[in-house]
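Every number in this text was worked out from the coordinates using simple rules, so none of it is lab data. Here the structure is a predicted model, which means the values were calculated and not measured. Don't worry about glycine lacking a Cβ; one is built from the backbone with ideal geometry, like all the others, and counts go over all protein chains shown.
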Amino acid sequence: MSLLLRSAAAALAFAALAAAPALATQSPPGRPAPEPKTTLAEVEEEVMCTVCGVPLSMAREAPAAKRERILIQQLIAEGKTKEEIKDELVATYGDDVLMLPARSGFDLVAWLVPLGLLLVGLLLLGGLLVTWKRRGSGPDDRDRPAPAPPLSPGDAELVDAALRERD
């Protein structure tokens, strides 16, 4: 078998292996794609223990955390998606069960304030850098000594003579 033919066969085999997972997840024509299922660990990372105030994945021994886990496991067994499970937890325990605030209403402030502060900080830093650049005096320029005054012609001759004697 020639090298070209072997290379083409290897490329074709590689392409078939790479496409296999994508083809396996496609649903037959006319049927909706199945919703991806979730795991307890995935949901635990995004919800809080309503009593402890810590992520559910960290609240191990609290009875409230155990009850939340049981509910999550029941919902997973029913085939619910992560978002459906989180919606059910909010309906049962309230908005405090979610680790991240909602991105609407008053909770939107929790998203916008840190971003606004970051933007203001970057603008202030940019303004300082522009000011330092225009002045030519950055924070390190204060530590530099002033340049020495130029030598008089007589002093320049003495320095040249001393350097010639040294060589």
**Complete:** Burial-style ranking of 44-56, 153-165, average other-beta-carbon count within 10 Å with highest first, yields 44-56, 153-165
**Message:** Less than 9 Å Cβ to Cβ from Met99, Lys/Arg counted +1 and Asp/Glu -1: what total charge do the surrounding residues give?
**Reply:** -2
**Asked** Using modelled amide H (1.01 Å from N, peptide plane; none on Pro or chain starts), what sits under 5 Å from the amide H of Leu98, excluding residues fewer than 5 places away?
**Response** Met48
**Prompt:** Tell me, what ³J(HN,Hα) does each residue in the range 157-167 have, in order and in whole Hz, if you take phi through Karplus 6.51 cos²θ - 1.76 cosθ + 1.60 with θ = phi - 60° and put x for Gly and Pro?
**Reply:** 5, 5, 5, 4, 5, 5, 5, 5, 5, 5, 6
